[in-house]
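Okay, structure first, notes after.
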Amino acid sequence: MKTFVIRYRRTTGEVECTEFDDFADALKLRHKLEYENSDPDIEIVSLTSESLAMVKRTHRRYFLNEILAPKL
C-alpha cells in the first residue's frame, strides 16, 4: 500500500500530491505541512491506497482540474 499526502487549494483546485511507501514518512510530511499552513483555503490530507489511480477514483474532488481539463 502507498500513502499519498495531498495539499489542495479549495478555491482554485490546485493540487500537490506526494507518494510514500512508508506511512510514517507520509504522516511526518502531513504534520509538517499542517503546522506551516495558515491559509484556511488549503486542505492537507493523507490517504492510503493501492495506487494513485485508485485515490483519483475515490477522492475525485481533489483532482477535478485534471479530470475536467481538455484533452489535446
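None of the figures in this text is laboratory data; all of them are computed from the coordinates on show. The model shown is predicted, which means the values in this text are computed figures rather than measured ones. Quick reminder, even Gly has a Cβ in these numbers, built from the backbone with ideal geometry, and neighbours come from all protein chains shown.
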Choose one of Thr58, Phe4, Phe23: the residue whose Cα lies farthest towards the positive end of the charge dipole of the chain (beta-carbon charges +1 Lys, Arg; -1 Asp, Glu; about the Cα centre).
Thr58
Candidate cut points under trypsin sites (Lys or Arg not before Pro) in the chain, DSSP loop plus at most 16 other Cβ atoms within 10 Å of their own Cβ, are Arg10, Lys71
Could you pull out the longest piece of the chain with no exposed loop GluC sites (Glu not before Pro) in it, calling a site exposed if DSSP puts it outside H, G, I, E, B and it has at most 15 other Cβ atoms within 10 Å?
15-49
Along the Cα→Cβ direction, 7 angstrom out, place labels at Thr18 and Val45. What is the inter-label distance in nm?
1.8 nm
